[in-house]
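Below: one structure, written as structure tokens.
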Amino acid sequence: MISVHDILVSFSLGGGAEHTVLRNLTLEVKRGQTVSIIGSNGAGKSTLLNAIAGTVPLQAGKILLDGQDVTPLPEWERAIHVGRVRQDPLAGTAGDMTVLDNLALAARKGPRRFRIATPPKFAREMAERVAELGMGLENRLHENVSRLSGGQRQALTLLMAVLSRPSVLLLDEHTAALDPANAEIVGELTRRFIEEFQLTALIVTHDMKRALDQASRVVMMHEGSIIADLSGPEKDRMDVPGLVRLFKQARGAEYAEDRDLLT
Ligand SMILES: Nc1ncnc2c1ncn2[C@@H]1O[C@H](COP(=O)(O)OP(=O)(O)OP(=O)(O)O)[C@@H](O)[C@H]1O
Ligand SMILES: [Mg+2]
């Protein structure tokens, strides 16, 4: 469960000026629910994920993960609750370490971590896991990750993010840098892992079709606030043109405000 309660995040622009990026934002996500987060560039989607992961501080409000108030905890203490994959395939893995060593690091993290009985047993288990990724990595466990392609690295990062059975999975445009075939594979893996590990997931995407297909709920952000929160029949009735219309409405209101300011 994720409970984001009335949070405020702003960044100092120097000279005493502040840029408020998230304003009075509240979001409740039930355990096991997957939510797509969409919204224009600069809407605050990544900042929301950063606030949950603890990489940006809150000026007000609080965040609970599975009922525990994590607001005062630094990023490294929250890391046991949080699995993350970012847009950049290079960001989630250590390139100068082998596939197996990266997996071992990830598996040691977290309270529900894999028990690593013996290295050979762990290697066998991981060979099975990476074989399921369908990218031929089971034969490359002892190769450095820097030799893998972006799609292979992103699939590995996703596996690493779910290995410790985190309370929440935060995915920030994690298929955006991949070619259509790999984006499809990693998208499908995401669905499988969320189901298998019963994860609570927030997935940021600019792909409207994917946003609708992958989640039972779609949240649209604009200028630091949630402007639409669709679930149930409302979400079932929604289609890509409908989402695009919502985008345009939000932008239209913004242009109207600009016009008012100029006149
Ligand atoms: N560390 C930071 N310092 C200053 N400003 C920041 C910082 N991080 C984000 N911002 C600002 O906060 C706003 C929201 O950024 P954020 O990255 O959350 O947007 P986003 O919705 O993820 O956009 P995109 O779709 O382009 O990824 C932007 O105006 C950005 O410049
Ligand atoms: Mg972003």
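FYI, it's all coordinate maths here, none of it is from the lab. Only a predicted model underlies this, so the values are computations on that prediction, with no experimental measurement involved. Quick reminder, even Gly has a Cβ in these numbers, built from the backbone with ideal geometry, and neighbours come from all protein chains shown.
Determine the dipole magnitude for segment 2-262: charges of +1 sit on the beta-carbon of Lys and Arg, -1 on that of Asp and Glu, nothing else is charged, the reference point is the Cα centre, and the result goes in debye to the nearest 20.
Dipole about the Cα centre, nearest 20: 680 debye.
Once you order the gyration tensor axes a ≥ b ≥ c over the Cα atoms, which shape class does segment 55-172 get: rounded for a/c under 1.5, otherwise prolate or oblate by comparing a/b with b/c?
The shape class here is prolate.
So what is the 222 nm mean residue ellipticity for the chain from helices alone, if each DSSP H run of at least 4 adds -39500 (n - 2.57) and you divide by all residues, rounding to the nearest 500 deg cm²/dmol?
Taking each H run of at least 4 residues, the total per residue is -12000 deg cm²/dmol.
Please report the orientation-averaged projected area of the chain, defined via the convex hull of its C-alpha atoms, in nm².
15.9 nm²
Compute the distance in nm between two label points, each set 7 Å from the Cα along the Cα-to-Cβ direction, one at residue 60 and one at residue 108.
4.3 nm
Mean Kyte-Doolittle of at least 0.0 and a Cα length of 18 Å or more along the axis: which whole DSSP H helices of the chain meet both?
Span-like helices here: 150-163.
Distance check, please: which entries in 45/121; 45/209; 30/121; 30/209 exceed 28 angstrom between their Cα atoms?
Beyond 28 Å between Cα atoms: 45/121; 30/121.
To the nearest 0.05, how large is the calculated FRET efficiency for residue 138 and residue 91 if R₀ is 30 Å and r is the Cβ-Cβ distance?
The value I calculate is 0.80.
Starting from 0.36 nm per residue, how many nanometres of slack lie between residue 128 and residue 248 once their C-alpha separation is accounted for?
38.6 nm
Tell me the label-point distance for the pair residue 195, residue 8, using the 7 Å Cα-to-Cβ offset, in nm and rounded to one decimal.
4.4 nm
Can you pull out the trypsin sites (Lys or Arg not before Pro) in segment 1-56 whose DSSP state is coil and whose Cβ has at most 14 other Cβ atoms within 10 Å?
30, 31
Semi-axes, largest first, in whole Å: what does sqrt of 5 times each Cα gyration tensor eigenvalue give for segment 101-243?
They are 32, 17, 12 Å, listed from largest to smallest.
Please check: in the Gaussian network model of the chain (C-alpha springs, under 10 Å), which one of 151, 16, 42 has the largest mean-square fluctuation.
So, out of 151, 16, 42, the one fluctuating most is 16.
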